[in-house]
Amino acid sequence: MTETEFETLIKTAPPNLSIVDGMTKARAVLSQHRRVAVSVSGGSDSDTILDLIETVKPDDCEIAYVFFDTGLEYAASKHQLEYLEMRYDIKIERRRAKKTVAVACREYGVPFISKDVSSYLSRLQTHKFDWRDSAEIATPEKYGACKSALDWYFDRRSASATGKAMFSIGRYNMLRDFVSANPPTFAVSDKCCYYAKKRVAYEFNREYKPDLIVTGMRRAEGGRRAGSIKTCFSQGKNSEPDNYRPIWYWTDADKAAYKDWRGLRYSDCYEVWGMKRTGCVGCPCNSAAERELEIVEQYEPQLVKAARNIFGASYEYRTAYTEFKQQNRK
Ligand code: SF4
């Protein structure tokens, strides 16, 4: 798209500052980079950035679209990739997981509640932590090199500006009480994300050597990573690529306005089934996972069966945690 075409397009945009700013910034950022890697998931945020990029990209910008297949993807998401390829006349490269979610969960353990909770519980399990230990007894001398996990468990992490301890177990209502009364009887781990996503992305970037990586992250989505990111753009250090999140500041309403204007069609997960988000089917880090599986059962029952097989212990543990909170409500 030439500069004149871009200026003409911007005049037709809805009167929405996030959209106009987002498009203008995206154009400027893409203009300053030559090799851009864009992660595509088949989800609505990813559809939005793909359209944004295809709409505003300068003619001389080389873009590689890549989809990381975790082995637990909706067929509807995969169909969406084919639709996107046709709509924009692009190729989306599919990369398979180093270890699928099923394999990683079998080998290392299953996620529970969130990736940070899974990571800390997993470290404590590795060190054969006695969940009933008090803070005085559970010293690093007793358990070896897992001080940060012990600090997390005993709420000794430093407080943030809001006064709430950052990434400590205290962020989750009564979780330590629950875990100490009901120690997990299955292996907990966040390794599936590493083997199914992070490592594959790392290898893709090492081969493709982008100078810019674009993702559809939004601040409104929250989560552990969002908490450590401050703006839509981060400059790469030590010859690492820059990172750009074109819809970082967009709200759900901004996204909806953009969708209407651009005539986007999300995957059937959203348009037909009425889901609000996608990703790995039934990921236990999604608090609505079990409710979503009930919806998905009508459309992709085999996937639901697979998710229940892989994550069943985590779902049961979460249900027990919810009941524990209800029974012990103060
Ligand atoms: S999104 Fe959930 S299920 Fe998928 S790889 Fe990450 S932690 Fe595992």
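The values are calculated or read from the model by the stated rules, or taken from the named source; none is laboratory data. Owing to the predicted nature of the structure, the values given are computational and were not obtained by experimental measurement. All Cβ positions, glycine included, derive from the backbone under ideal geometry; neighbour counts span all protein chains shown. Side chains included, ligands, DNA and RNA excluded: accessible areas come from the protein's heavy atoms. Shrake-Rupley method; radii C 1.70, N 1.55, O 1.52, S 1.80 Å.
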Express in whole angstrom the spacing between the alpha-carbon centres of the stretch 75-108 and the stretch 216-291.
17 Å
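If a/c stays under 1.5 just call it rounded; otherwise compare a/b with b/c (prolate if a/b is bigger, oblate if not). Do that for the stretch 248-330, with a ≥ b ≥ c from the square roots of the Cα gyration tensor eigenvalues.
Numbers: a/c = 3.12, a/b = 1.57, b/c = 1.99.
Oblate, because a/c is 1.5 or more while a/b does not exceed b/c.
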Extension gain, Arg171 back to Lys198 (0.36 nm per residue minus Cα-Cα distance, nm):
7.2 nm
If I build a Gaussian network model for the chain, linking alpha-carbon pairs within less than 10 angstrom, which residue out of Ala201, Ala75, Ala145 has the largest mean-square fluctuation?
Ala145
Near-label residues of the stretch 61-83 by backbone N, under 15 Å of a point 7 Å along Cα→Cβ of Arg106:
71-72
At most 16 other C-beta atoms within 10 Å and a DSSP loop state: those are the exposed GluC sites (Glu not before Pro) I care about. Give me the longest piece of the chain that has none.
137-296
Distance (nanometres) between label positions extended 7 Å along Cα→Cβ at Thr322 and Arg87
3.3 nm
Rounded percent of accessible protein surface that carbon and sulfur make up, the stretch 113-183, 1.4 Å probe
51 percent
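How would you classify the chain from its alpha-carbon gyration tensor, with a ≥ b ≥ c the square roots of the eigenvalues: rounded for a/c under 1.5, else prolate if a/b is greater than b/c, otherwise oblate?
Taking the square roots of the gyration eigenvalues as a ≥ b ≥ c, the chain is prolate.
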Write down the accessible area per residue of the stretch 113-183 in Å², having rolled a 1.4 Å probe over the full set of protein chains.
52 Å²
Under 18 Å Cα-Cα from Lys11, which aspartates and glutamates qualify once same-chain neighbours fewer than 8 residues away are excluded?
Glu3, Asp21, Asp51, Glu54, Asp254, Asp260
Using a/c under 1.5 as the rounded threshold, could you call the stretch 179-276 rounded, prolate or oblate? The axes a ≥ b ≥ c are square roots of the C-alpha gyration tensor eigenvalues, and prolate needs a/b larger than b/c, oblate otherwise.
oblate
Taking 0.36 nm per residue of separation and subtracting the Cα-Cα distance, what length does fully extending Arg277 through Met1 add?
96.3 nm
At each listed q (0.14, 0.26, 0.28 Å⁻¹), what is the log10 of I(q)/I(0) that the Debye formula gives for the stretch 113-183 modelled as equal alpha-carbon point scatterers?
-0.39, -1.33, -1.49
Gln302 and Glu62 label points (each 7 Å along its Cα→Cβ direction) are spaced in nm at 3.8 nm
Straight-line reach from Lys209: which aspartates and glutamates fall under 16 Å, measuring Cα to Cα and dropping same-chain residues less than 8 apart?
Glu62, Glu93, Glu240, Asp242
If you stretched the chain out fully between Ile295 and Lys142, how much longer would it get, using 0.36 nm times the residue separation minus the C-alpha to C-alpha distance?
50.4 nm
